Amino acid sequence: MLRTGSAPIPPFQDRRSRSSRTFVRVSDWLGSFALMRAGPLDSSELRKSRGAFFTPPEIADFLAAWAVRGPDSAVMDPTCGESVFLASAARQLKKMGAQPTDTARLLTGVDLHRPSLDASRDLLASEGFGAHLVKSDFFDLPTPAQIDDRVGWQDAVIGNPPFVRYQEFKGSARAKGLAAALSQGVRLSQLTSSWAPTLVHSAAFLKPQGRLAMVCPAELLTVGYAEPIRTWLQQRFAAVKLVMFERLQFHDAEEQVVLLVAEGQGPCDGFLVHRVHDAAELAQGHILDPMPATPAAGGKWSDLALSSEHRTLIKRAHSAMARLDEYGTPELGGVTGNNAFFTISELTRRKYKIDSKHLKPICPPGTRHLKGTAFSRADWEELRLANERVWLLHPEPPLRAEGLKRYIAEGEKNKVHEAYKCSIRNPWWKPPVAPVPDLYFTYMSHRYPRLITNASGASLLNSMHGIRLKPGLKRDARAALPLLALNSATMVGAETLGRAYGGGILKMEPSEAASLPVPAPDQLRKAWAVVQDRQAEFDDKLRGKEWWRVVSEIDRILLKDVMGFGSEDVEALQDAAAFMRVRRTRKTEERGD
Ligand SMILES: C[S@@+](CC[C@H](N)C(=O)[O-])C[C@H]1O[C@@H](n2cnc3c(N)ncnc32)[C@H](O)[C@@H]1O
């Protein structure tokens, strides 16, 4: 919810921590533990390879209560594991008037793991229930539309599809999954994880008004490979609803999940999004709680994690701003094939007596040395004297100098020329040099991506993107953008456009960076007139790790004074950026003020 009339507080706390003014602890962020029930022949490695993460019963009960509509409902779990969902469905059927013995006829569970099916039978029997349990690869199971159907049309399909990433979801398993999805009209890429085709194949078992209720990884909303799934959901179903959690629900899987429920024949215009703190809160949900959402026709749905008020506010801010590529297109840095060989320090240069005409100055690999908003010639000199790798080998043929020949021969001895990128260029020892950019863009970020003025004349490697500014915009933008991009509207834009990697790193490809919302040229000019004399002060704060003070001040000047947002809206934008960041990194933001 947007706050109204509350006293200003530091903007970077998680919303739940506001009342106590303490920061969220990681341990607090982690939600309930999924149950792991290893039999003697099972192990965590084996379970991981089958994508076997078991669902907390509150979630299974919640989904079964929605999906099972009457005492005669046929319900299937396509990857049932130890049948937490079938047990929930059985209880639901009983509540609606079915006899416990009816469940053997109404319920179907499929799994490729025999011991899980045995455990299912015992679990269900312990409550007087039964089910038709099928040992099969779900992708081998014919759909009810096929002549060799074994399970019949279903009123509901419920479950938690296996989550095996594409690196492990390979060979015939992946081929069968992709073929099953394709026969439902969904073309998935080779980068697909196993849950995606399971979801699509499941829908092929539903009666026309049937209900699908699944636990999905939250990356359903964000990753590129799930784009066909997002499109399909809107086309295939008449109604799609999502439940988003603020807390992690599957500790062992370390993945955020969303609950997806869908029914009827599509298409649908929008979604309903219900946001809860954790699984325990599901039982308290009210029918009127969900908020409508109209996700972008293409692209990611990352911002669905935010409340609709936040989304509306963010849309308003972003539509008043410019895209980064209005200033210049983000470009890839140079790829050498072996940075350890091709990037050279001053000592190495001297040792081999390599003339500087065979070298290009570069901003050294990595971004750790870039603390402020600019990288000057003096900064480069300082790194050169500190023996950092400030040179890129770029010899002018023919090779004559002895030292240079020796350096390259040593590279050959160490098989540098056999690395793929080296082997495909001629000569292998002359890597490409990226054009010297006006701005560097740090695209792998823990906190947020940064722009850095390049006043050094140095080129860059692929640890950053480069931006060459359009001629008319160069003067102001080169100096001003790096500081003025440190605002909460830009930061929340990065969170929704980029993609979270392992360890919570936010990565932005050039195409994603291109659409990053940044201050529009007139906003930039006005705000820069106010802040430019204070640049050294801001830089000191950034170098002193007080970035949040800088963001607060830039928010006040840019978002409030120049763009006209009220204080409460500015705080809400700060909250939204902090919420997305904490959700991504699962880390407290300790700040000491
Ligand atoms: C995420 S677990 C879910 C288990 C259970 N539904 C629950 O939520 O507790 C996924 C299950 O899918 C099974 N599985 C994996 N790939 C499968 C496939 N291709 N066909 C059928 N079952 C599969 C695994 O053995 C595992 O029991």
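The values are calculated or read from the model by the stated rules, or taken from the named source; none is laboratory data. Computed from a prediction, not measured in an experiment: that's the story for all the values here. Quick reminder, even Gly has a Cβ in these numbers, built from the backbone with ideal geometry, and neighbours come from all protein chains shown. Just the protein is used for accessible areas: all its heavy atoms, side chains included, with ligands, DNA and RNA removed. Shrake-Rupley method; radii C 1.70, N 1.55, O 1.52, S 1.80 Å.
May I ask for the net charge around residue 261, where only other residues with Cβ less than 9 Å from the Cβ of residue 261 are counted and Lys, Arg are +1 while Asp, Glu are -1? List each step's numbers first, then the result.
Numbers: positive: 211, 241; negative: 263.
Every neighbour counted, the sum reads +1.
Once you have the alpha carbon radius of gyration of segment 458-523, what is it after dividing by 2.2 N^0.38 Å, with N set to its residue count? Display every interim value, and only then the final one.
On the way: Rg = 13.1 Å, N = 66, 2.2 N^0.38 = 10.8 Å.
Working it through for segment 458-523, the quotient is 1.21.
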- Task: Sorted from largest down, give the three principal axis spans of the alpha carbons of segment 238-396, whole angstrom values.
- Result: 75, 40, 31
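At 1.4 Å probe size, with every protein chain present, just tell me what the per residue accessible area of the chain comes to in Å².
Dividing the accessible area of the chain by its residue count gives 43 Å².
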- Task: Take the Cα of residue 167, step 7 Å along the line toward its Cβ, and report every residue of segment 463-504 whose backbone nitrogen sits under 17 Å from that point.
- Result: 500-504
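How large is the convex hull of the C-alpha atoms of segment 346-407 per residue, in Å³? Working shown, then result.
On the way: hull volume 5.0 nm³, N = 62.
Hull volume over Cα atoms, normalised by residue count, gives 81 Å³.
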- Query: Based on the alpha-carbon gyration tensor of segment 494-582, what equivalent-ellipsoid semi-axes (square roots of 5 times the eigenvalues) come out, in whole Å, largest first?
  - Reply: 23, 16, 15
- Note on the structure: Sequence order, segment 545-560: Karplus ³J(HN,Hα) from phi using 6.51 cos²θ - 1.76 cosθ + 1.60, θ = phi - 60°, Hz rounded, Gly and Pro as x, gives 6, 10, 4, 5, 5, 5, 4, 4, 5, 5, 4, 4, 6, 7, 6, 8
- Which Rg and Dmax, in Å, describe the Cα atoms of segment 439-483? 10.7, 33
- Message: Using only the alpha-carbon atoms, how far is helix 567-585 inclined from the longest principal axis of the chain? Give it as 0 to 90 degrees, nearest 10.
- Response: 80
- Find, to one decimal place in angstroms, the Kirkwood hydrodynamic radius of segment 186-247, where the mean of 1/r is taken over every pair of different Cα atoms and then inverted. 12.5
- Query: In angstroms, what radius of gyration and Dmax does segment 89-248 have, counting Cα atoms only?
  - Reply: 16.3, 46
- Item | Extension gain from residue 44 to residue 191, taking 0.36 nm per residue of separation minus the Cα-Cα distance | 50.5 nm
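If packing is taken as the average count of other Cβ atoms within 10 Å, what order do 540-551, 278-289 fall into, highest mean first?
Going from most to least packed, we get 540-551, 278-289.
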- Rounded to one decimal in nm, the spacing of the 7 Å Cα→Cβ label points at residue 283 and residue 347 is 6.5
- When the Debye formula is applied to the Cα atoms of segment 122-193, each taken as the same point scatterer, what base-10 log of I(q)/I(0) results at q = 0.12, 0.21, 0.26, 0.27 Å⁻¹? -0.45, -1.09, -1.32, -1.36
- Item | Flagged links, alpha-carbon separation over 18 Å, of 371/545; 241/300; 351/405; 94/135 | 94/135
- Message: For residue 240, what residues show an amide H to amide H distance below 5 Å, using hydrogens built from the backbone and excluding near sequence neighbours?
- Response: 272
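What are the semi-axes of the equivalent ellipsoid for segment 311-425, taken as the square roots of 5 times the Cα gyration tensor eigenvalues, largest first, in whole Å? Write down the numbers at each step before the final one.
On the way: eigenvalues 273, 69, 29 Å².
Output for segment 311-425: semi-axes of 37, 19, 12 Å.
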- Task: Jot down the radius of gyration and Dmax of segment 430-547, Cα atoms only, both in angstrom.
- Result: 14.4, 46
- Specify whether the C-alpha gyration tensor of segment 212-306 places it in the rounded, prolate or oblate class, a ≥ b ≥ c being the square roots of the eigenvalues: rounded for a/c under 1.5, otherwise prolate if a/b is larger than b/c and oblate if not. oblate
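Among DSSP beta bridges lying fully in the chain, give the percent that are antiparallel, nearest 5. If you can, show how the numbers build up before the last one.
Working: 38 of 64 bridges.
In the chain, approximately 60 percent of DSSP beta bridges are antiparallel ones.
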- Task: Can you bin segment 163-273 into rounded, prolate or oblate? Criterion: square roots of the alpha carbon gyration tensor eigenvalues sorted a ≥ b ≥ c, rounded for a/c under 1.5, prolate for a/b above b/c, oblate for the rest.
- Result: oblate
- Query: Along segment 57-64, what does the Karplus equation 6.51 cos²θ - 1.76 cosθ + 1.60 (θ = phi - 60°) give for ³J(HN,Hα), rounded to whole Hz, x for Gly and Pro?
  - Reply: x, 4, 6, 4, 4, 4, 5, 5
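Could you tally the net charge around residue 528, taking each other residue with its Cβ under 14 Å from the Cβ of residue 528, Lys/Arg +1 and Asp/Glu -1?
Details: positive: 474, 475, 478, 525, 526, 534; negative: 476, 522, 533, 553, 561.
Local charge sum for residue 528: +1.
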- Can you give me the three principal axis dimensions of the chain from its C-alpha atoms, in Å, biggest first? 86, 65, 40
- How much FRET efficiency would the formula 1/(1 + (r/R0)^6) give for residue 418 and residue 381, where r is the Cβ-Cβ distance and R0 is 25 Å, rounded to 0.05? 0.10
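Between residue 136 and residue 184, 0.36 nm times their residue separation minus their Cα-Cα distance comes to what? Don't jump to the answer; show the numbers that get you there.
Values: separation 48, 0.36 × 48 = 17.28 nm, distance 1.98 nm.
Net length gain for the segment: 15.3 nm.
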- Note on the structure: Rounded to one decimal in nm, the spacing of the 7 Å Cα→Cβ label points at residue 406 and residue 462 is 3.2
- For segment 342-497, what D do you get in µm² per second when you plug the Kirkwood radius from alpha-carbon pairs into Stokes-Einstein at 20 °C and 1.002 mPa s? 125
